[in-house]
């Protein structure tokens with residue numbers, strides 16, 4: 001047919017402009033080169049100062065476990081900070097996630113709530129920890145608050161992404177029975193997103209345990225305080241022992257939470 | 001007598017695709033079982049979704065009343081729409097059950113429109129409400145599956161659970177949107193028998209969209225046909241001739257052989273289906 005021959009021929013090579021791809025790669029390489037100077041990259045230092053580093057590393061071994069009971073009790077405090085920081089964050093992230101889901105609320109609710117969550121996510125836990133140490137004093141509570149604010153921002157975003165990916169059918173099914181909007185969410189939305197929400201929450205708990213080990217460095221309680229003190233006192237054998245304690249506990253919790261997560265998915 | 005469903009001058013425009021519904025006027029009386037037919041995209045599902053207010057019509061374009069209560073007027077949902085929705089059982093093509101909830105929990109959501117909001121919100125259902133949900137499940141022969149997850153069931157079973165959810169609402173009207181389009185022939189017949197039983201024995205008003213003409217002719221006394229958002233036919237099922245069907249569907253494939261006279265149906269009890277309530 002006349003019209004068919006006028007159509008461009010379909011070839012095995014996908015259509016599209018290969019120069020755009022090349023340009024993309026060029027841009028990527030340019031970004032790497034541009035950042036090299038700013039980041040003062042000098043890999044040769046690793047070789048030139050190898051002797052110093054060997055001496056420094058030598059100071060770490062053997063690790064000094066003489067005060068292991070103290071380390072472990074502080075590590076328990078660290079985990080407790082993470083538990084409360086994560087728990088409060090989950091509780092607050094649920095309504096904020098609903099309010100920042102495009103498929104559930106109008107844009108004039110969703111956009112402001114999202115910006116608020118962006119803000120609490122943009123500031124690192126350490127910064128919040130420094131602020132809360134001033135506000136509520138030295139100690140674990142400042143750490144809890146720091147983790148809580150930051151994690152609320154993170155979880156609200158992850159939770160709302162799960163909500164925006166739901167199947168609208170079951171929600172309509174609940175709506176058609178004469179349910180209220182809140183009931184639509186409880187019976188139609190939450191059951192659909194529950195597995196993802198649990199998975200995200202457990203993941204954030206794991207990473208909050210890691211974060212909780214450093215908020216102590218600015219005085220917000222937990223094992224970070226010991227870590228910081230021992231480093232500042234050049235007691236590297238103790239630093240090493242503390243780091244081993246952290247590794248053991250964080251690994252154990254990671255394994256445990258992976259196990260729990262599997263139960264829910 | 002006041003019609004149960006009263007649609008006045010309803011129009012709906014979707015974006016630039018033009019009119020989905022065009023000045024629809026339709027009354028459905030109490031105790032009728034009406035089949036809504038038409039080719040894909042003719043607006044039959046859209047019309048049904050307007051009746052319960054899942055979709056809003058165009059501004060300044062008519063409205064819908066159900067059981068004397070306004071559902072929507074000029075593109076605005078009525079403030080008390082939930083009370084009326086509670087009296088309308090709605091059945092979807094894709095069942096729209098909540099997969100991760102159990103069968104009985106899905107059926108219990110049928111009570112949400114009637115019980116105090118705080119109780120429903122907390123998921124606290126009284127024993128009589130649970131008994132009612134079980135009774136509905138028994139009616140559709142699904143009581144054995146009460147504590148299984150909805151996602152474990154086959155399509156036909158899910159649709160029966162969805163009907164049980166609608167029955168738990170103790171509705172006056174049943175709207176069924178392509179209830180059998182996703183089902184195998186045996187499940188389809190079973191679901192249509194249940195709907196027909198609800199109509200005949202409970203005297204509920206049933207409005208069902210179907211794309212199988214023979215089902216519509218066999219189960220519904222009155223048929224309304226839509227084409228491109230307009231009502232082309234609204235009369236007794238027996239008046240539906242091959243000529244009219246060819247007009248409705250824009251084909252020439254209907255003839256006397258392909259369209260046998262509606263068979264006299266004998267209501268066969270579905271497994272576990274209690275006919276008397």
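The values are calculated or read from the model by the stated rules, or taken from the named source; none is laboratory data. No experiment lies behind these values; they were computed from the predicted model shown. Because the Cβ atoms are built from the backbone with ideal geometry, glycine has one as well, and the counts that use them run over all protein chains shown.
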Which of the numbered conditions does residue A:112 fail, given that it passes all the others? Conditions: (1) surrounded by fewer than 16 Cβ atoms within 10 Å (Cβ to Cβ); (2) more than 17 Å from residue A:209 (Cα to Cα); (3) at pLDDT below 90. (3)
The range A:210-229 residues that are touching a residue at least 12 places away in the same chain (Cβ under 8 Å), paired with ones that are surrounded by 21 or more Cβ atoms within 10 Å (Cβ to Cβ) and in a loop (DSSP other than H, G, I, E, B) (beta carbon under 8 Å, 6 or more apart): A:212/A:222; A:213/A:222; A:215/A:221; A:215/A:222; A:216/A:222
When the range B:171-207 is examined, which residues are found to be surrounded by fewer than 18 Cβ atoms within 10 Å (Cβ to Cβ), over 18 Å from residue B:45 (Cβ atoms) and in contact with a helix residue (DSSP H, G or I) (Cβ under 8 Å, 6 or more places away or on another chain)? B:184, B:186
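Given the residues B:31, B:35, B:41, which is the only one that is under 23 Å from residue B:219 (Cα atoms) and in a strand (DSSP E or B)?
B:35
Before we move on, is residue B:59 buried (at least 18 other Cβ atoms within 10 Å of the Cβ), farther than 24 Å from residue B:155 by Cα and more than 8 Å from every other protein chain (Cβ to nearest Cβ)? Walk me through it before giving the result.
Numbers: buried (at least 18 other Cβ atoms within 10 Å of the Cβ): no; farther than 24 Å from residue B:155 by Cα: yes; more than 8 Å from every other protein chain (Cβ to nearest Cβ): yes.
In short, no.
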Restricting the search to the range A:163-182, which residues are crowded, with 21+ Cβ neighbours inside 10 Å, facing chain B (nearest Cβ under 7 Å) and over 18 Å from residue B:87 (Cα atoms)? A:170
Given the condition over 22 Å from residue A:214 (Cβ atoms) and within 14 Å of chain B (Cβ to nearest Cβ), answer yes or no: does some residue in the range A:145-162 qualify? yes
Here are some residues: B:65, B:159. Which one is touching a residue at least 60 places away in the same chain (Cβ under 8 Å), away from chain A (no Cβ under 14 Å) and under 17 Å from the mean Cα position of the chain (by Cα)? B:65
Go through (1) more than 9 Å from chain B (Cβ to nearest Cβ); (2) within 23 Å of the chain's Cα centre (by Cα) one by one and return the number of the condition residue A:185 breaks. (2)
Could you tell me whether residue A:76 is at negative phi, assigned to a helix (DSSP H, G or I) and in contact (Cβ under 8 Å) with a residue 12 or more places away in the chain? no
When every residue in the range B:109-127 that is within 14 Å of another protein chain (Cβ to nearest Cβ) and part of a loop (DSSP other than H, G, I, E, B) is compared, the one surrounded by the fewest Cβ atoms within 10 Å (Cβ to Cβ) is B:116
Residue A:132 meets each of (1) assigned to a helix (DSSP H, G or I); (2) over 22 Å from the mean Cα position of the chain (by Cα); (3) in contact (Cβ under 8 Å) with a residue 24 or more places away in the chain with one exception, condition (2)
From the list B:72, B:93, which residue is assigned to a strand (DSSP E or B) and either surrounded by 24 or more Cβ atoms within 10 Å (Cβ to Cβ) or modelled with pLDDT of 90 or more (or both)? B:72
The condition from (1) more than 22 Å from residue B:30 (Cα to Cα); (2) assigned to a helix (DSSP H, G or I); (3) within 9 Å of chain A (Cβ to nearest Cβ) that residue B:151 misses is numbered (3)
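Any chance you could count how many residues in the range B:75-90 are within 14 Å of chain A (Cβ to nearest Cβ) and not in a loop (DSSP other than H, G, I, E, B)?
Filtering the range B:75-90 for residues within 14 Å of chain A (Cβ to nearest Cβ) gives B:77-90.
Now narrow it down to the ones that are not in a loop (DSSP other than H, G, I, E, B): B:77, B:81-85, B:88-90.
Residues flagged as within 14 Å of chain A (Cβ to nearest Cβ) and not in a loop (DSSP other than H, G, I, E, B) within the range B:75-90 amount to 9.
Quick grid of which residues meet (1) more than 21 Å from residue A:191 (Cα to Cα); (2) in contact with a strand residue (DSSP E or B) (Cβ under 6 Å, 6 or more places away or on another chain); (3) part of a helix (DSSP H, G or I):
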site	(1), (2), (3)
B:107	no, no, yes
B:129	yes, no, yes
B:135	yes, no, yes
B:141	yes, no, no
B:159	no, no, yes
B:162	no, yes, yes
B:167	yes, no, yes
B:189	yes, no, yes
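Any residue at all in the range B:257-264 that is assigned to a loop (DSSP other than H, G, I, E, B), at pLDDT below 90 and either within 14 Å of chain A (Cβ to nearest Cβ) or buried (at least 18 other Cβ atoms within 10 Å of the Cβ) (or both)?
Step one: of the range B:257-264, the residues assigned to a loop (DSSP other than H, G, I, E, B) are B:257-264.
If we keep only those that are at pLDDT below 90 too, we end up with B:257-264.
Narrowing the set further to residues that are either within 14 Å of chain A (Cβ to nearest Cβ) or buried (at least 18 other Cβ atoms within 10 Å of the Cβ) (or both) leaves none.
No; the residues of the range B:257-264 include none that is assigned to a loop (DSSP other than H, G, I, E, B), at pLDDT below 90 and either within 14 Å of chain A (Cβ to nearest Cβ) or buried (at least 18 other Cβ atoms within 10 Å of the Cβ) (or both).
Identify, please: which residue in the range B:91-101 is in contact with a strand residue (DSSP E or B) (Cβ under 6 Å, 6 or more places away or on another chain) and more than 7 Å from every other protein chain (Cβ to nearest Cβ) and is, among those, nearest to residue B:6 (Cα to Cα)? Steps first, answer last, please.
As a first pass, look at the range B:91-101 and keep what is in contact with a strand residue (DSSP E or B) (Cβ under 6 Å, 6 or more places away or on another chain): B:91-93.
Restricting the remaining residues to those that are more than 7 Å from every other protein chain (Cβ to nearest Cβ) gives B:91, B:93.
Working: B:91: 19, B:93: 23 Å.
Among those residues, the one meeting the criterion is B:91.
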